[in-house]
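S.K.: Before I ask anything, let me first share the structure, which is written out below as structure tokens.
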Amino acid sequence: MNVKGIESLDLSYNGLHLSEIPKWITSSTIIYSLKLARCEIKIKLDDWKPVETYFYDYIDLSDNEISGSPVGLLNRTNYLVGFRASGNRILFDVESVKFPNTLKDLDLSRNLVFGKLPKASGLEKLNVSNNHLCGPIPPNKFPASAFSGNNCLCSSSLSPCKA
């Protein structure tokens with residue numbers, strides 16, 4: 001396909017079997033909202049190099065077979081409001097990402113994310129359940145379910161932290 005001029009693209013949950021993110025998407029310089037949830041994408045996120053990521057404001061790659069780390073991608077977005085990648089095999093240290101100040105919605109649930117949680121300033125929605133996170137949960141407004149199913153996260157709402 002030779003598609004030009006798409007600013008927002010949602011192909012989620014429609015039975016597509018893409019296996020990879022098409023080159024016409026990767027080469028687009030103006031897509032700001034990209035939703036490819038449950039499109040049977042099987043890529044290593046470190047290898048996905050969109051031509052332009054600066055203006056992305058929403059990315060949803062949930063429920064695919066994506067592995068690797070989103071650190072390179074996330075560190076190249078300046079206006080990202082939402083990043084959803086639940087239900088993949090994403091593996092990275094959450095402390096290695098400098099999340100943009102604009103980020104309001106983050107869902108990394110059901111992955112292989114590890115490390116200690118940074119302070120969730122500015123977030124309105126958060127789900128990091130069912131990963132391998134450890135340490136105390138910083139003060140926040142989110143329900144305990146947003147953190148459940150991790151190796152050793154602790155707080156007053158989950159298991160207490162050991163001194």
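Here, each number is a calculation from the coordinates, and none is a lab measurement. Keep in mind that this is a model prediction, so the values were computed, not measured. Note that we place each Cβ from the backbone using ideal geometry, even for glycine, and neighbour counts take in every protein chain shown.
S.K.: 7 Å from Cα along Cα→Cβ at both residue 54 and residue 17: what's the point-to-point distance in nm?
M.R.: For residue 54 paired with residue 17, the spin-label model returns 3.9 nm.
S.K.: Give, as a single signed number, the net charge of other residues whose beta carbon lies under 13 Å from the beta carbon of residue 58, with Lys and Arg counted +1 and Asp and Glu -1.
M.R.: Numbers: positive: 35, 84, 104, 125; negative: 7, 10, 57, 60, 105, 107.
Net of charged neighbours comes to -2.
S.K.: Per Stokes-Einstein, at 37 °C and 0.692 mPa s, what whole-number D in µm² s⁻¹ belongs to the range 1-83, with the Kirkwood radius over Cα pairs as the hydrodynamic radius? If you can, show how the numbers build up before the last one.
M.R.: Values: Rh = 12.8 Å.
The diffusion coefficient I find is 257 µm²/s.
S.K.: Here is a further query. Work out the charge dipole of the range 51-121 with +1 on the Cβ of Lys and Arg and -1 on the Cβ of Asp and Glu about the Cα centre, then indicate which of 67, 101, 79 is farthest towards its positive end.
M.R.: Farthest towards the positive end: 101.
S.K.: Between residue 30 and residue 105, what is the FRET efficiency for a Förster distance of 22 Å, r being their Cβ-Cβ separation, to the nearest 0.05?
M.R.: On the way: r = 22 Å, r/R0 = 0.99.
Approximately 0.50, to the nearest 0.05.
S.K.: While we're looking at this one, here's another question. How large is log10 of I(q)/I(0) for the chain at q = 0.16, 0.19 Å⁻¹ when the intensity is taken from the Debye formula with one equal scatterer per alpha-carbon?
M.R.: -0.89, -1.21
S.K.: Would you count, across the chain, every pair of lysines whose alpha carbons are under 23 angstrom apart, provided the pair is eight or more residues apart or spans two chains?
M.R.: Lysine pairs meeting the criterion: 29.
S.K.: Related question: Could you work out the helix-only [θ] at 222 nm for the chain, with each DSSP H run of four or more residues adding -39,500 (n - 2.57) and the total divided by the number of residues, to the nearest 500 deg cm²/dmol?
M.R.: Details: 2 runs with 8 residues, N = 163.
Helices in the chain give a 222 nm mean residue ellipticity of -500 deg cm²/dmol.
S.K.: Please report, in debye to the nearest 20, how large the charge dipole of the chain is about its Cα centre when each Lys and Arg carries +1 at its beta carbon and each Asp and Glu carries -1 there.
M.R.: Values: 18 positive and 16 negative charges, 70 e Å.
In debye, rounded to 20, the chain gives about 340.
S.K.: While we're here: How much length is gained if the chain between residue 78 and residue 121 is pulled fully straight, taking 0.36 nm per residue apart and subtracting their Cα-Cα distance, in nm to one decimal?
M.R.: On the way: separation 43, 0.36 × 43 = 15.48 nm, distance 1.58 nm.
Here the segment from residue 78 to residue 121 would lengthen by 13.9 nm.
S.K.: Follow-up question, since we're still on this one. Using Cβ-Cβ distances only, list the Cys residues of the chain with no partner cysteine under 4.7 Å, sorted by number.
M.R.: 39
S.K.: For the chain, modelled as a Gaussian network with Cα springs under 10 Å, which listed residue fluctuates most, 58, 13, 32?
M.R.: Largest GNM mean-square fluctuation: 13.
S.K.: Please compute the Kirkwood hydrodynamic radius over the range 10-50, one decimal place, Å, based on all pairs of different Cα atoms. Could the numbers behind the result be given before it?
M.R.: Working: mean 1/r = 0.0927 Å⁻¹.
Its Kirkwood hydrodynamic radius stands at 10.8 Å.
S.K.: So which residue, out of 112, 18, 73, gets the largest mean-square fluctuation from a GNM of the chain using Cα contacts under 10 Å as springs?
M.R.: Looking only at 112, 18, 73, the largest GNM fluctuation is found for 18.
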